[in-house]
Amino acid sequence: MKIIETNNYQEMSEKAAHFLIKKVQDNPAIILGMATGGTPEGMYRLLIDDHKNNHTSYQGVTTFNLDEYIGLPKDDANSYYSYMWKTLFDHIDINDEHVHLPNGLATNIEEECKNYERLIKQYGGIDVQVLGIGENGHIGFNEPGTAFDSHTHVIELTDSTREANSRYFSNIYEVPKEAITMGIHTIMQAKEIVLLASGERKAEALNQLLHAEISEAFPASILQKHSNVTIIADRDALKHISHVTV
Ligand code: PGA
């Protein structure tokens with residue numbers, strides 16, 4: 001695993017944006033796996049700046065998001081569909097037919113999960129998957145205990161995840177209890193993974209990602225088995241990790 005340590009969140013975002021821009025420039029038809037949450041927001045802002053200033057084009061790019069809440073309409077301010085359009089897609093030249101998120105309002109959710117998985121395969125799989133990490137080790141919404149061989153599936157969110165995400169809602173009761181998420185197997189099939197983390201509250205999770213025994217109790221530990229992972233994290237998030245490449 002390659003680890004890139006940065007001084008702070010801004011520098012993490014810059015390195016991450018630079019990493020992705022280079023991937024898009026090298027392969028304008030790249031299939032990108034996208035993540036939501038607070039961590040990638042700075043990176044998305046810089047992708048927009050770069051698109052405006054340097055005209056990096058996303059017309060040939062296809063995206064698949066990791067997850068979506070069940071029960072929120074697309075236009076709900078807290079749906080990941082809204083997040084992605086507000087935070088990135090509205091501001092770049094991506095073709096809306098190339099954008100994919102699971103539909104959390106599908107009448108047949110099981111079928112939706114199967115179709116999502118099938119679609120990723122049809123596109124030949126994800127070239128570069130962006131990941132964040134939950135304090136409990138979740139990747140996507142794969143909470144502790146999720147099977148390593150899981151494909152896109154429905155997950156019941158843990159109290160700690162709902163608590164962490166309640167900052168975006170008026171109260172915790174409004175945070176959906178379930179989500180659709182790519183499975184661990186789906187994520188591990190990505191050809192390359194870039195995981196972003198910032199701040200002291202992620203330090204223990206990064207420590208476990210790198211050093212814990214590989215176990216479904218800590219989903220991110222599976223990344224130790226992936227052959228092409230880059231972690232871009234700031235000093236606070238890496239405070240338990242010694243030897244890092246800068
Ligand atoms: P965060 O979420 O970026 O908002 O910290 C990360 C995650 O839960 O995967």
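The values are calculated or read from the model by the stated rules, or taken from the named source; none is laboratory data. Quick caveat, the model's predicted, so the values are computed rather than measured. Cβ: placed from backbone, ideal geometry, glycine included. Neighbour counts: every protein chain shown. All accessible areas refer to the heavy atoms of the entire protein, side chains included, with ligands and DNA or RNA removed. Shrake-Rupley method; radii C 1.70, N 1.55, O 1.52, S 1.80 Å.
General observations
- Potential lengthening between H240 and N115 on full extension [0.36 nm per residue; Cα-Cα distance subtracted]: 41.0 nm
- The convex hull of the Cα atoms of the stretch 1-111, projected and averaged over all directions, covers 8.1 nm².
- Between H211 and D149, the FRET efficiency estimated from the beta carbon spacing at R0 = 30 angstrom works out to 0.80.
- Of the complete DSSP H runs in the chain, those spanning 18 angstrom or more by Cα along the long axis with a mean Kyte-Doolittle score not below -1.0 are 9-26.
- The stretch 61-110 shape via C-alpha gyration tensor axes, a/c threshold 1.5: oblate
- D_trans [Stokes-Einstein, Kirkwood Rh over alpha-carbon pairs] for the chain, 4 °C, 1.567 mPa s, µm² s⁻¹: 72 µm²/s
- Net dipole in debye of the stretch 123-216 [+1 Lys, Arg Cβ; -1 Asp, Glu Cβ; about Cα centre; nearest 20]: 240 debye
- Between E200 and A77, the C-beta separation translates, for a Förster distance of 41 Å, into a calculated FRET efficiency of about 0.90.
- The GluC sites (Glu not before Pro) found in the stretch 131-218 that occupy coil by DSSP, while having at most 11 further C-beta atoms within 10 Å, are E213.
- Helix-derived mean residue ellipticity, 222 nm - over the chain, DSSP H n ≥ 4, -39500 (n - 2.57), to 500: -9000 deg cm²/dmol
- Across the options N27, M84, F218, the greatest Cα extent toward the positive end of the charge dipole of the stretch 2-232 (unit charges at beta carbon of Lys, Arg, Asp, Glu) belongs to N27.
- For chymotrypsin sites (Phe, Trp or Tyr not before Pro), the sites in the stretch 166-246 that DSSP calls loop and that have at most 16 other Cβ atoms within 10 Å are F169.
- Rounded percent of accessible protein surface that carbon and sulfur make up, the stretch 2-232, 1.4 Å probe: 47 percent
- Simple point charges give the picture: +1 on the Cβ of Lys and Arg, -1 on the Cβ of Asp and Glu, and for the stretch 2-232 a dipole about the Cα centre of about 500 debye.
- Two-site label geometry, Y123 and Y168: point separation in nm, points 7 Å out along Cα→Cβ: 1.9 nm
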